[in-house]
């Protein structure tokens, strides 16, 4: 069982959501969600996502329960499953754990449940590689809740000792830094890869991520880079390897063009290639 030493509760996520893909054995998101909830004495919600619902795109898996979802729910939404999840959580000293079963696609489920959670834990391989951007990526951009994305086949203990932050001055990056503060305060080493050109619109206040982190008791090692969006992902992944990082923090950028979701180059690159957990925020 994954265990993490407790840290002070000055800043912490109070409600954790884990999108569970397997109950026998318990999937990585369930184990990771329990570890995070135990660390910060948070409330945990486990939500089972049936494989059939994980194939639905945003347009197919709307906010209303689907017929497919209603048919599938009875298979897992039982007192036994709820009790098993609560027992698993109690074994790691998580005192409050709920169990739900999704009745809609990933995007709709995350959008609805994200409104009352501080962090969602997601397995990147809960969708096939072909659906990474248009299913999982769409969900990350639509839900507005910080998402901790676990790499494929993740079965290691969570460690947040060495963290890399990618900041390009965007609202998404600023939100990601804010969401990651509990992790950053607990880290032993934080590297800030700052790619902001500082060529800001005069109408908005300047944001300096280095100064902001110092104000919150985090002293990062700054690295200032100038790179295109396409190169930014490569730079971040390289820095992750350089310091053997445990976590990468970055904004998730995308925009709609007709029905096509167009991702920033760094977001796409990291989603496809990261081998450690990534905390993303849109």
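Some notes on this structure:
- Cα centroid separation, region 100-115 to region 164-184 (Å): 24 Å
- Pairwise label distance in nanometres, residue 144 with residue 243, each label 7 Å out on the Cα-Cβ vector: 3.1 nm
Values quoted throughout were computed directly from the atomic coordinates according to the rules given, and no laboratory measurement underlies them. Quick caveat, the model's predicted, so the values are computed rather than measured. Cβ coordinates were reconstructed from backbone atoms using ideal geometry, including for glycine residues, and neighbour counts include every protein chain displayed.
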